[in-house]
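Working notes, structure below.
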Amino acid sequence: MKCTQAVISSTIGAAYVYASLPVIPTVSFEYISNGTFNLANVNSIVVDTRYAASVDESGQTLIPPTLYEFATTFAGDLSDVLDITVSLNNGTISSNGSIFLTLGEAGDYLDAAGQLSSEGYSLDVSPSGLTITGASSLGVWWGTRTVLQQGLLSVANSETPSIPYGSSIDVPSWATRGMMLDDGRHYYPPDFLTDLCSYMSFFKQNTLHLHLSDNLYNNPNYTYEQSMGLYARFRLWSDDSAVDGLNLYANESYDRPTFDDIQTKCVARGVTVIPEIEAPGHALVITQWKPELALEDNVSLLNISHPDTIPTMKTIWSTFLPWFHSKTVSIGADEYTASEADYNMFVNEMNTFIAAESGKLMRIWGTFPPIYNSTWTNVHQNVSVQHWEYFEDNPYYDYIKNNYSVVNSNDDFYIVNKYAPPGGYLNTINLTKTFHGSPEKGLWRPYIFDQSNATNNPPASSPYVLGSIVPLWNDYGANATVYSEAYYAWREGIPALADKQWGGNLSEAAFAEAFAVLQPNVPGQNLERTIASISDVIVNYTLTLTEPTSGSIEDTSGNGYTAQTDCEAVSGYPTKPALSITDGCSITTPLESKGRNYTLSLSLRVDALDDPTNATILSGRDSVLMLTPTVTLFAGGNYFRSNATVPQGDWFDLSLIGRGNRTYAAVNSDEEEFLAIIGINGVYHHWAEIAIEAPLGVLGGQGSGWSGLFGGLSLTSVA
């Protein structure tokens, strides 16, 4: 049977009901009886021996996991998400109480264009167990996401992780489904990227496009010296002498082992990283390295006619192409304003070079050319185009009708962190447009480029529509946000978009209900920095009049987060037990960081500061509490200073308060807000809220730069 993705309205017959599982994305499902299979009765995952080493060779990744490797990850997720422990075995048939993973006929799974999809799968549920049959190992993986989600939803409804008896065939309508992150104007740590891949994967997105080089807006009124000093970054770090000087910031870059690890961990959950190195526009990081390559009237653009420009770009790409484990790479090529003929020549030259060097396909943004024109040399038609705005092009008439494949990145869903002026882009995904984003105000789909005028949209079955990638840009730089604010900008948007990118049919109400259950349980990540707790009090270190036993400080919250210390108890304070904090001693908790909605309270006395502008009180995974001399949080590579100050030589109570997307410091109860000071295109400044995680790792320690007394610490989830 050959099926395309569809959700069929409920139809009651003599022995079956067609409906949808309310997972994200929705799955059409044929119920064969009123019974359900209890997932708690699963005792094993059985991988079909014939296909255990099989990989998906049709997708975008060059390092696809085997079926057995996907099964291993699935087994871990069953334990983490549903508390179900199973054995993992190879076998030739399913057994009672097992989840059997196997492969089927590729021709059974067709996308919206009627093309083979390696991501399709079938799910069969009977009293004896489950069988997931995939078009490939990746198809099986997406089937495991359906099982986990349905288990979670059933627990919420009946406290039992179960799946109805019946079957489904589920196929994504479009092959490219994902997000783009501006990593050029704001660095993101590797673990943030891999956690983000885990979050995307749970909702069956398969593409993370990383924009790896860029610069802040080069204001035409800047002097040459100002432009040469403007924030511009290239995020890949190589010791190859050929690119020496291109990247000057190793601490905010990815070397090859790190970038390999990012790609490997993402693809382990079905997400391929698509890298982008931007040129000839947005290329200030290159012209700061080689100023002679810049256009005279805008040094952020390359002068393509310079004899060293294309050789330099080939050098950069030849250095980094071996790092990239995807079949497609992007050269950006966005917002260039010089010679059109030079531009087309540049794109074609790079396309030919990249194909010859690596066999990879190339993608560009849809601005300037490549709008097709029969009177000139056009961009090669095997270069895919990422459309983003109608004032630049019309994707249907300019590209698709001229046989170019297109990714829909239309700016209906754009985010520019953090500033959202009236009429500008939003700080979160516009969910309404996912549910009412067709010209008829129905569900949005990747083939819908124009949400108002249907004549600008190709047929849903067009093979030239590759899918959808939704970008987040950091136009206002690294100091506008901390890392996690990119996640929160996408928190609801990723699953809402994922449903429509796949071809799902969730309504707003059904989405809200499913999201509330699924989001807190996404495996393989902790983007919200949640901490398990039996109550609102997460940790409470209250010192007693006796010295700590064996260097430990009891957590009286009941959660058992005992701290360790090598600091000495201070005698002579019968009404206030204290530990003496000196340079070299510390208090270490088993925790690292607490995300939004918290109150972290400290009782301290600061007696001496080595440097009043640089003292570290408490450090954690995502932030550091400092005195500089005001109460300061260092997070995301930036200092965020409040107006709060602390007394010296006297006891004080210091609280950090994370209240939604805002953060405050309170010294003896008086609150002061931390704010991000954002430069807007070199014209003016904007003060914006900032949501910083609470640091929880180490108080004091070698090089902390202060001495004094510690009287206690508590953390609650109440703000």
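Placing a label point 7 Å from the Cα of Ala40 along the Cα-to-Cβ direction, the residues of the stretch 163-195 whose backbone N falls under 18 Å from that point are 163-165.
Taking 19 Å as the limit for the C-alpha separation, the pairs Lys265/Lys327; Lys290/Lys314; Lys204/Lys500; Lys290/Lys327; Lys314/Lys360 exceed it in the case of Lys290/Lys327. Ordered from longest to shortest, the equivalent ellipsoid semi-axes for the stretch 3-170 are 23, 21, 14 Å, each the square root of 5 times a Cα gyration tensor eigenvalue. Around the amide H of Ile617, modelled in the peptide plane, lie the amide H atoms of Leu625, Met626, Leu627, all under 5 Å away and 5 or more residues distant in sequence or on another chain. Annotation: the antiparallel percentage among DSSP beta bridges lying fully within the chain is about 65. Once the Cβ-Cβ distance of Tyr249 and Tyr372 is raised to the sixth power relative to R0 = 30 Å, the FRET efficiency obtained is 0.15. Hull volume per residue, based on the alpha-carbon atoms of the stretch 160-229 and their convex hull, is 144 Å³.
Extension gain, Thr582-Ala509: 0.36 nm per intervening residue step, less the Cα-Cα distance, totals 20.7 nm. Inter-label distance, Gln564 to Ala53: 4.4 nm, where each label sits 7 Å from its Cα along the C-beta direction. Along its first, second and third principal axes, ordered by size, the stretch 537-716 spans 59, 34, 27 Å in Cα coordinates. Per the Cα gyration tensor, the stretch 176-521 maps to an equivalent ellipsoid with semi-axes of 31, 24, 19 Å, ordered largest to smallest. Positive end of the dipole of the chain (Cβ unit charges, origin at the Cα centre): among Leu246, Ile132, Val347, the Cα lying farthest that way belongs to Ile132. Think of each Lys and Arg Cβ as +1 and each Asp and Glu Cβ as -1; about the Cα centre, that makes the dipole of the stretch 584-719 roughly 320 debye. In the stretch 108-187, the ratio of gyration radius to Kirkwood radius, Rg to Rh, stands at 1.12 when only Cα atoms are counted. Other residues within the sphere of radius under 11 Å centred on the Cβ of Val23, judged by their own Cβ, net out at 0 (K and R +1, D and E -1). Convex hull of alpha carbon positions in the stretch 248-387: directionally averaged projected area 9.1 nm². Per residue, the chain reaches -6000 deg cm²/dmol at 222 nm when only DSSP H runs of four or more residues are counted, each adding -39500 (n - 2.57).
Alpha-carbon geometry of the stretch 150-291: the Rg and the Dmax are 20.6, 70 Å, given in that order. If the chain linking Ser452 and Ser79 were pulled fully straight, counting 0.36 nm for each residue of separation and taking away their Cα-Cα distance, it would gain 129.7 nm.
What does a probe at Ile677 reach in the stretch 415-430, counting residues whose amide N is under 18 Å from the point 7 Å along Cα→Cβ? Residues passing the 18 Å test: 418-419. In this Cβ point-charge picture (+1 for Lys and Arg, -1 for Asp and Glu), the chain has a dipole of about 1340 debye about its Cα centre. Under 5 Å from the amide H of Thr36 lie the amide H atoms of Tyr165, each residue being 5 or more positions distant or on a separate chain, with H modelled from the backbone and absent for Pro and chain starts. Subtracting the Cα-Cα distance of Ser318 and Ser87 from 0.36 nm times their residue separation leaves 78.7 nm of extension gain. Relative contact order, whole percent, for the chain stands at 11, derived from Cα pairs under 8 Å and 6 or more residues apart. Counting Lys and Arg as +1 and Asp and Glu as -1, what is the net charge of the other residues whose Cβ lies under 11 Å from the Cβ of Ala283? Result for the local shell: -3.
Counting every other Cβ atom within 10 Å of each residue's Cβ, Cys585, Cys266, Cys197 order from fewest to most as Cys585, Cys266, Cys197.
Sorted from greatest to least, the principal axis extents spanned by the alpha carbons of the stretch 459-538 come out as 55, 36, 23 Å. Per the Cα gyration tensor, the stretch 306-403 maps to an equivalent ellipsoid with semi-axes of 23, 16, 12 Å, ordered largest to smallest.
Take the Cα of His306, go 7 Å toward its beta carbon, and the backbone nitrogen atoms of the stretch 334-377 under 16 Å from that spot belong to 337-339, 343, 346. The local environment of Met200, defined by Cβ-Cβ distances under 12 Å, has a net charge of +4 under the rule Lys, Arg +1 and Asp, Glu -1. Over the chain, the alpha carbon radius of gyration divided by the compact-protein estimate 2.2 N^0.38 Å works out to 1.03.
No lab work stands behind these numbers, since they all come straight from the coordinates. Quick caveat, the model's predicted, so the values are computed rather than measured. With ideal geometry, Cβ positions are generated from the backbone for all residues, glycine too; neighbour counts draw on all protein chains shown.
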